[in-house]
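Chemist: Once you've had a glance at the structure underneath, I'll fire off some questions.
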Amino acid sequence: MALGLRLARPQDAGELGRILFSAFQTLADRHNFPRDFPSVEIATDLLSMLIAAPGFHGVVAEEEGRIAGSNFIDLRSSIAGIGPISVSPQAQNRGLGRRLMRAVMEEAEARNAAGIRLVQAAYHNRSLSLYTSLGFVTREPLSLLQGPALAVSFPGYELRQAEAEDRNACNELCRKVHGFERAGEVEEKIAAGEAVVVLHRGRITGYATGIGFFAHAVAETNRDLEALIASAAAFSGPGFLLPTRNYEVFRWCLDKGLRLVMQMTLMTIGLYNEPQGAYLPSVLY
């Protein structure tokens with residue numbers, strides 16, 4: 001069948017959302033895991049937002065003129081983050097996923113991205129194999145955690161909404177922990193009033209763009225990270241991602257009544273530094 005790739009357009013959002021919901025629903029149900037998207041409408045809203053966002057690049061696959069799948073890549077920093085990728089269940093096993101992956105990887109290379117990252121569901125062996133064959137290296141097992149807000153505070157740790165003048169401190173902290181910054185994302189979340197910072201002994205020791213699936217957090221210590229998690233009014237989306245090998249924070253979350261939903265995997269190409277601090281990745285990276 002004739003296969004073509006093109007840029008995503010606003011009018012594609014409805015069909016792309018339907019495919020995204022259907023593809024993830026089929027996969028999750030087959031493996032008896034919770035669904036990533038509770039409805040077609042939420043999947044459609046997400047893709048509408050990504051198509052409209054200037055920092056994202058979306059690619060659509062068509063077979064015989066009919067939309068068959070899509071893939072997106074976050075290009076807001078020197079490290080690019082891939083996702084979500086979806087192929088209609090009726091169009092799978094024809095190499096569309098590989099072509100969609102190559103398309104966004106080539107876009108990142110054209111933009112001179114220092115590296116590319118993604119997060120995949122650990123139960124999905126086929127995607128793990130596909131990404132590995134494309135050159136992605138497994139870096140970190142992640143635990144998706146969910147539960148009620150903790151409403152816990154720690155003496156000596158002040159939490160407040162991030163302000164415009166905090167962005168340099170946040171970017172410097174990200175560079176210190178990861179070797180790069182996420183300035184575009186941080187600035188957007190500060191402007192939207194969604195970012196928070198934690199201060200210890202009078203200086204910023206951690207920040208979060210939110211505590212949830214599409215948000216990230218960076219902190220100097222595990223205590224700073226726990227303070228950020230504890231300050232969240234809710235954990236957005238399916239939950240938040242915590243590196244599983246961070247035993248101290250993982251155990252603390254479980255002791256506070258949070259539950260493990262599933263395991264995921266952080267994979268990378270290009271620049272990668274072993275983190276020098278505590279962090280929560282987003283589902284993109």
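Chemist: Could you please let me know if Thr138 is in a strand (DSSP E or B), surrounded by 13 or more Cβ atoms within 10 Å (Cβ to Cβ), more than 21 Å from the chain's Cα centre (by Cα) and hydroxyl-bearing (Ser, Thr, Tyr)? Even if it seems obvious, please write down each step before you answer.
Modeler: Numbers: in a strand (DSSP E or B): yes; surrounded by 13 or more Cβ atoms within 10 Å (Cβ to Cβ): yes; more than 21 Å from the chain's Cα centre (by Cα): no; hydroxyl-bearing (Ser, Thr, Tyr): yes.
When the stated conditions are applied, Thr138 does not pass them.
Chemist: Further question: Just wondering, is there one or more residues in the stretch 147-164 that are hydroxyl-bearing (Ser, Thr, Tyr) and touching a Phe, Trp or Tyr at 6+ places or on another chain (Cβ under 8 Å)?
Modeler: Checked against the condition, which is being hydroxyl-bearing (Ser, Thr, Tyr) and touching a Phe, Trp or Tyr at 6+ places or on another chain (Cβ under 8 Å), the stretch 147-164 yields no hits at all.
Chemist: Related question: Which members of the stretch 160-187 meet the condition of being surrounded by fewer than 17 Cβ atoms within 10 Å (Cβ to Cβ), within 30 Å of Arg259 (Cβ to Cβ) and not basic (Lys, Arg)?
Modeler: Within the stretch 160-187, Gln161 is the sole residue that qualifies.
Chemist: Inspect all residues belonging to the stretch 203-225 and state whether any of them is of a type in the set (Ser, Thr, Tyr), touching a residue at least 12 places away in the same chain (Cβ under 8 Å) and touching a Phe, Trp or Tyr at 6+ places or on another chain (Cβ under 9 Å).
Modeler: Yes.
Chemist: Tell me whether the stretch 147-159 contains one or more residues that are assigned to a helix (DSSP H, G or I), surrounded by fewer than 15 Cβ atoms within 10 Å (Cβ to Cβ) and in contact with a helix residue (DSSP H, G or I) (Cβ under 6 Å, 6 or more places away or on another chain).
Modeler: No.
Chemist: Let me ask something else about it. Could you please give the count of residues in the stretch 121-135 that are over 15 Å from Asn93 (Cα atoms), of a type in the set (Gly, Ala, Ser) and either surrounded by 18 or more Cβ atoms within 10 Å (Cβ to Cβ) or within 19 Å of the chain's Cα centre (by Cα) (or both)?
Modeler: Adding up the residues that qualify gives 2.
Chemist: Taking Ile116 and the conditions (1) without any contact (Cβ under 8 Å) to a residue 40 or more places away in the chain; (2) hydrophobic (A, V, I, L, M, F, W, C); (3) not in a helix (DSSP H, G or I), which numbered condition does it fall short on, given that it satisfies the others?
Modeler: (1)
Chemist: If you take the residues of the stretch 226-240 that are under 27 Å from Phe37 (Cα atoms) and surrounded by 24 or more Cβ atoms within 10 Å (Cβ to Cβ), which of them is nearest to the chain's Cα centre (by Cα)?
Modeler: It comes out as Phe240.
Chemist: Search the stretch 180-191 for residues that are of a type in the set (Phe, Trp, Tyr) and pair each with any residue that is surrounded by fewer than 17 Cβ atoms within 10 Å (Cβ to Cβ) when their beta-carbon atoms are under 9 Å apart and the residues are at least 6 apart or on different chains.
Modeler: Phe180/Ala114; Phe180/Leu271; Phe180/Asn273
Chemist: If the requirement is being surrounded by fewer than 16 Cβ atoms within 10 Å (Cβ to Cβ) and more than 19 Å from Asn93 (Cβ to Cβ), which of these qualifies: Gly55, Gly17?
Modeler: When all the criteria are applied, what remains is Gly55.
Chemist: I've got another one for you. Would you kindly identify the strands (runs of 3 or more DSSP E) lying entirely within the stretch 233-285 that contain at least 3 residues that are more than 22 Å from Phe56 (Cβ to Cβ)?
Modeler: 259-270
Values in this text are rule-based calculations from the coordinates and carry no lab data. In this text, all values refer to a predicted model and were calculated from it rather than measured experimentally. Glycine also receives a Cβ, built like all others from the backbone with ideal geometry; neighbour counts cover every protein chain displayed.
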